[in-house]
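> The structure is given below, and queries will be raised subsequently.
The values are calculated or read from the model by the stated rules, or taken from the named source; none is laboratory data. All values derive from a computational prediction rather than experimental measurement. Here the Cβ positions follow ideal geometry from the backbone for every residue, glycine too, while neighbour counts run over all protein chains shown. Note: accessible area is taken over every heavy atom of the protein model, side chains too, but ligands, DNA and RNA are not part of it. Shrake-Rupley method; radii C 1.70, N 1.55, O 1.52, S 1.80 Å.
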Amino acid sequence: MSARCRLCMNQDIPLSGQVGNGHNRWHPHIKPRIRIASGTQVEIETLDGFDGQIGPGMKCEEIPHLDMGRIHPLTGPVYVEGAVPGDLLAVHIDEVVPAKTGFTFVFPGFGFLRDVFGKPHVLHWEMANGFAQSEQLPGVRIPGAPFMGVMGLAPSLDLLKRINAREADLAARGGFVLLPDVNAAVPSGPEIASLAMRTIAPHETGGNVDIKQLVAGSTLYLPVDVEGGLFSVGDAHFAQGDGESCGSAVETSATLVARFEVLKGEAARRKQIYPTFSNRGGVHTAYPKGYYATTGTCIRQDGRNEAEDLTLAARNALLNMVDHIVDAHGYTREQAYCLCSVAVDLRISQAVDVPNVIVSAFLPQHIFES
């Protein structure tokens, strides 16, 4: 199927020089770049997650001078006609086409082991024939499995206020949180930039999920919180390990080809407030008939945000999977809990997008007789 719509980005210009093409903060008042009908396929070009700051010749000693306010440049928003709060937006990922070069780096003060690794470091990658290789890491070939690290919808003003309040509370308790900051914000107007969420952490409507299984053939299901959904995407990765331990993958730019489908009332019916995803099976999945996966992050049932709590994230992913099994397969909660114990895989999707780490729970589809 050929793309019906295309959103372009100039790869030679930072986001601040092409403001109408995208943004690097989350806010419901950012104007949509395009309006489409449910069922439309869109080809979306993206900049790399660090806005072109890391070129092939960058040295390790230059890394601390990066402007972290510029991450992540996102292409969008895409307004999907008919999407309203209570719906799910299904993002059917048809293709992710990466660029030919990429990078991985260690930024002092960031990453899962930031207390151990305080020295800046950078690798430059060349991608060809489905593999990435780096002169700075000789003897290694990384197989490609490209995906988009950031895919999400805009929060409503109400949700935005709740997120900002809980994260401000967490910061006051000593948690590592990047609060709203107008520095390098796009759009830069203070009425948006002073309140808009940074892109580093994932939230209820998606965002920087960094789930490496979201390759071509997968579908991401996002709860809609504002009219039109307002989908945006960026932060392409050629390859990544579960966890993205040092805080960066094989970072690159890429083009996403995806079809958008509104599932009317499904978020409300399922009581789904966090992203889920599925795959029908294929080369980049260990499950021959595919899987359905729920996600969990470190927000308690009472709304209190904890910092980088993988145990809490795993608990939430598992509770969300129990709810899915009951809804989709008609079992009791006790049966669903037992099924999780014998068949569901818990995986650390990312451990670095402070303060909200993500654990995903994978339910293989081949276990069901029909």
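Let's see how each residue does on (1) among the aliphatic types (A, V, I, L, M); (2) part of a loop (DSSP other than H, G, I, E, B); (3) within 19 Å of residue 148 (Cβ to Cβ):
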{"position": "64", "(1), (2), (3)": "no, no, no"}
{"position": "76", "(1), (2), (3)": "no, no, yes"}
{"position": "82", "(1), (2), (3)": "no, yes, no"}
{"position": "92", "(1), (2), (3)": "no, no, yes"}
{"position": "104", "(1), (2), (3)": "no, no, yes"}
{"position": "113", "(1), (2), (3)": "yes, yes, no"}
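> Looking at the range 113-120, can you tell me whether even one residue there is touching a residue at least 40 places away in the same chain (Cβ under 8 Å), of a type outside the set (Gly, Ala, Ser) and in contact with a Leu (Cβ under 6 Å, 6 or more places away or on another chain)?
no
> Sticking with this one: Would you pick out the residues in the range 35-53 that are of a type outside the set (Ser, Thr, Tyr) and within 21 Å of the chain's Cα centre (by Cα)? So that I can check it myself, show each step before the final result.
Of the range 35-53, the ones of a type outside the set (Ser, Thr, Tyr) are 35-37, 39, 41-45, 47-53.
Selection gives 41, 42, 43, 44, 45, 47, 48, 49, 50, 51, 52, 53.
> Looking at the range 205-223, which of its residues are open to solvent by 10 Å² or more (accessible area, probe 1.4 Å) and hydrophobic (A, V, I, L, M, F, W, C)?
Answer for the range 205-223, where residues must be open to solvent by 10 Å² or more (accessible area, probe 1.4 Å) and hydrophobic (A, V, I, L, M, F, W, C): just 216.
> Oh, and also: Mind checking which residues of the range 1-55 are closer than 17 Å to residue 78 by Cβ, part of a loop (DSSP other than H, G, I, E, B) and at pLDDT below 95?
3, 4
> On to the next question. Give the residues of the range 27-80 that are hydroxyl-bearing (Ser, Thr, Tyr) and open to solvent by less than 50 Å² (accessible area, probe 1.4 Å), sorted by residue number. Break it down stepwise before answering.
In the first step, residues of the range 27-80 are kept if they are hydroxyl-bearing (Ser, Thr, Tyr); the result is 38, 40, 46, 75, 79.
Scanning the range 27-80 gives 40, 46, 75, 79.
> Quick one: in the range 261-279, which of the residues that are open to solvent by less than 60 Å² (accessible area, probe 1.4 Å) and among the small types (Gly, Ala, Ser) is farthest from residue 220 (Cα to Cα)?
Per the criteria, the residue is 265.
> Is at least one residue of the range 334-349 crowded, with 21+ Cβ neighbours inside 10 Å and either within 19 Å of the chain's Cα centre (by Cα) or under 25 Å from residue 229 (Cα atoms) (or both)?
Within the range 334-349, one or more residues are crowded, with 21+ Cβ neighbours inside 10 Å and either within 19 Å of the chain's Cα centre (by Cα) or under 25 Å from residue 229 (Cα atoms) (or both).
> Here's something else I'd like to know. Would you point out which residue out of 202, 187, 143 is touching a strand residue (DSSP E or B) at 6+ places or on another chain (Cβ under 9 Å), open to solvent by less than 10 Å² (accessible area, probe 1.4 Å) and at pLDDT 95 or above?
Details: 187 fails: open to solvent by less than 10 Å² (accessible area, probe 1.4 Å); 143 fails: open to solvent by less than 10 Å² (accessible area, probe 1.4 Å).
That would be 202, the only listed residue that is touching a strand residue (DSSP E or B) at 6+ places or on another chain (Cβ under 9 Å), open to solvent by less than 10 Å² (accessible area, probe 1.4 Å) and at pLDDT 95 or above.
> Let me ask you something else. Being touching a residue at least 60 places away in the same chain (Cβ under 8 Å) and closer than 23 Å to residue 21 by Cα is the requirement here; does residue 87 meet it? Full working, then the answer.
Values: touching a residue at least 60 places away in the same chain (Cβ under 8 Å): yes; closer than 23 Å to residue 21 by Cα: no.
Spelling it out, it is not the case that residue 87 is touching a residue at least 60 places away in the same chain (Cβ under 8 Å) and closer than 23 Å to residue 21 by Cα.
> Among the candidates 73, 64, single out the residue that is modelled with pLDDT of 95 or more and out of contact with any His (no Cβ under 9 Å at 6 or more places or on another chain). Please lay out each step first, then the result.
Details: 73 fails: out of contact with any His (no Cβ under 9 Å at 6 or more places or on another chain).
The match here is 64.
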